[in-house]
1. To the nearest 500 deg cm²/dmol, what mean residue ellipticity at 222 nm is calculated for the chain from DSSP H runs of n ≥ 4 alone, each contributing -39,500 (n - 2.57), summed and divided by the residues?
2. How large is the direction-averaged shadow of the alpha-carbon convex hull of the chain, in nm²?
3. Rounded if a/c is under 1.5, else prolate if a/b is larger than b/c, else oblate: which is the stretch 1-97, with a ≥ b ≥ c the root eigenvalues of its Cα gyration tensor?
4. Let me cross-check Glu48: its accessible surface, 1.4 Å probe, with only protein heavy atoms counted, in Å² to the nearest 10?
5. Can you give the angle from 0 to 90° between the axis of helix 89-98 and the longest principal axis of the chain, with both taken from C-alpha atoms, to the nearest 10?
6. Rank these residues by their accessible area, most exposed first, probe 1.4 Å: Phe73, Phe3, Phe22.
7. Just how much of Val157 is accessible, in Å², when a 1.4 Å probe is used and the result is rounded to the nearest 10?
8. For the chain, set up a Gaussian network in which alpha carbons nearer than 10 Å are linked by springs, and say which option among Gly12, Gly182, Gly139 fluctuates the most.
Amino acid sequence: VQFDITGVGRVGLEPDYAIVIFAVQSISRTAQGAISENARAVEALMKELRTFTRPGDRIETAGFHLGPERAGFVVVNQVQVRTTQVKDVGRLIDLAVRAGADDVSAVAFGREQTKEAVQRAVREAMQRARENAEAVAAGLGMRVLRITHIEPSLEQVEGPLVAREYAPASRQGIDATQVRPGRLTLTAQVRVRFVLG
């Protein structure tokens, strides 16, 4: 008798980087005016963001939009910060808001190195598949003879992704923004074909 069982393994991970996307919006009667005003505002924001970043952190453009608006033209420039300072994301948001960011579009956390965790998750998935196969075999009065096929699926990292719901500190800095990164979960699945006898 042959049958397939899918085993699932999960490993918890602490995030080691965060990505935060800020936006700066400018409105002017002319397109060129909106672009020029926005360029100055974004440069001021970038200057402040550079005081926060450490070697290995990155600041880059995440999006740019120019379009008509009732009063003229609007420019929205998105700036993305990728930082290893995971526990200081709230401070980064406050800094950006004080420097002129109009919107925090997204905050996400991730893990750079996952090789060891993937191996642990795959081992756990194989163990779960084997345990389930042995339970099925025992229920039928049989035993597992061998494995004829193993098909691992791509592992995935799921975790804290927060978007658009912020109460950043006021420009006077009365309250600090609290962002608490949760744990990430790496999931691996393995489909195994067992032969019972």
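1. Calculated at 222 nm, the ellipticity per residue is -10000 deg cm²/dmol.
2. Answer in nm², one decimal: 15.5.
3. It is oblate, given that a/c is not under 1.5 and a/b is not larger than b/c.
4. Number for this one is 70 Å².
5. Once rounded, one gets 20 degrees.
6. Largest accessible area first, the list is Phe73, Phe3, Phe22.
7. Number for this one is 70 Å².
8. Gly139
The values are calculated or read from the model by the stated rules, or taken from the named source; none is laboratory data. As the structure is a computational prediction, the values presented were derived from the model and not from experiment. Positions of Cβ are backbone-derived with ideal geometry, glycine not excepted, and every protein chain shown enters the neighbour counts. Note: areas computed on protein heavy atoms with side chains; ligands, DNA, RNA excluded. Shrake-Rupley method; radii C 1.70, N 1.55, O 1.52, S 1.80 Å.
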